[in-house]
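Please read the structure below before turning to the comments.
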Amino acid sequence: MVIIIKFRNFVILLIFFLVTFSSNYIQVSALYSEKINKTLYLTFDDGPSINVTKDILKILKENNIRGTFFVVGDSVNLYPHLIKELNENKMCIMPHCNIHDYKGIYKNEDNYFEDLNKCKENINAIIGNKKMNFIRMPGGSDNEICSDEVLSKIKGKILNDGENYIDWTIAVGDAENFEVSAELIKSRVRDEGGLYNVEVVLMHDSGVKKSTVEALQDIINIYKERGYTFKALDEIEPWEIEYLKEINVLNK
Ligand SMILES: [Zn+2]
């Protein structure tokens with residue numbers, strides 16, 4: 001009798017341990033797999049342009065990758081077919097500014113939002129009501145053209161409107177001089193890329209950025225070798241949002 005009771009207790013204890021251990025295991029493994037996930041967001045500012053955007057789209061399509069394009073409203077009006085083509089090929093289109101005029105847009109909060117809203121209207125006029133909840137501010141969210149006071153008002157309103165402003169973990173350097181070689185861009189990515197589990201790469205698809213096109217396949221290869229999954233910002237997950245906030249890339 002005693003043996004039977006002990007055996008029953010043993011079975012109950014065994015079940016208890018198994019349930020506890022397996023649920024812990026699932027939690028731990030979920031956490032672990034989340035930690036080793038590495039995501040890459042390729043972002044392109046200042047387009048669309050006749051010379052560069054199509055070539056970038058071609059490379060992204062060949063690699064089955066979705067990129068994020070922070071477009072200039074004026075260029076959207078000039079080249080509506082390019083925006084349509086980006087959209088038809090499932091690229092993510094987000095606003096950058098309407099006219100790339102730092103002094104004008106950063107003069108005050110009203111100027112900034114008038115320009116940003118025009119950019120959104122121009123995009124919407126071509127591809128319909130897209131959710132545009134990620135904004136790339138010209139020069140980045142801590143640019144030195146805008147006064148701190150105006151800058152903090154702009155950022156506050158973007159967040160109040162339920163939108164986000166996003167910077168980058170690495171700038172490939174294609175906008176730092178008029179002409180930057182593809183080799184220099186690639187070596188920048190090799191040296192400075194891959195530090196974070198979520199990376200946002202800043203590139204440009206304005207009309208003169210031919211070396212960006214030349215370097216793009218190698219940039220993709222470098223990140224593929226490092227185990228990154230490529231995504232566009234309209235598919236960002238909550239843990240990635242928190243991660244980017246922590247490293248001061250999102251809503252800084
Ligand atoms: Zn720009």
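Below are the figures for this structure:
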read-out: Filter result for Asp205 (at pLDDT below 95 and open to solvent by less than 10 Å² (accessible area, probe 1.4 Å)); value: no
read-out: Checking Asp191 against (1) surrounded by fewer than 18 Cβ atoms within 10 Å (Cβ to Cβ); (2) in contact (Cβ under 8 Å) with a residue 24 or more places away in the chain, the condition it does not meet; value: (2)
read-out: Residue in region 128-138 that is more than 21 Å from Leu86 (Cβ to Cβ) and out of contact with any strand residue (DSSP E or B) (no Cβ under 6 Å at 6 or more places or on another chain) present; value: no
read-out: Which listed residue is in contact with an Asp or Glu (Cβ under 6 Å, 6 or more places away or on another chain), hydroxyl-bearing (Ser, Thr, Tyr) and on the phi < 0 side of the Ramachandran plot, from Ser206, Ser181, Ser187; value: Ser206
read-out: From Glu114, Glu121, Glu88, residue being open to solvent by 70 Å² or more (accessible area, probe 1.4 Å), more than 14 Å from the ligand (Cβ to nearest atom) and within 20 Å of the chain's Cα centre (by Cα); value: Glu88
read-out: Odd one out for Thr68 among (1) surrounded by 13 or more Cβ atoms within 10 Å (Cβ to Cβ); (2) more than 14 Å from the ligand (Cβ to nearest atom); (3) within 30 Å of Ile222 (Cβ to Cβ); value: (2)
read-out: Wholly enclosed strands (runs of 3 or more DSSP E) of region 21-103 bearing at least 2 residues modelled with pLDDT of 95 or more and under 22 Å from Asn197 (Cα atoms); value: 39-45, 68-72
read-out: Test: residue in region 219-230 that is among the acidic types (Asp, Glu) and open to solvent by 10 Å² or more (accessible area, probe 1.4 Å); value: yes
read-out: Residue that is surrounded by fewer than 15 Cβ atoms within 10 Å (Cβ to Cβ) and in contact with a helix residue (DSSP H, G or I) (Cβ under 7 Å, 6 or more places away or on another chain), where the choices are Ser181, Ser152, Ser211; value: Ser181
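The values are calculated or read from the model by the stated rules, or taken from the named source; none is laboratory data. Remember, predicted model here, so these are calculated numbers, not experimental data. Ideal geometry is used to build each Cβ from the backbone, glycine not excepted, and the neighbour counts take in all protein chains shown. Keep in mind that these areas ignore ligands, DNA and RNA; they rest on the heavy atoms of the full protein, side chains included. Shrake-Rupley method; radii C 1.70, N 1.55, O 1.52, S 1.80 Å.
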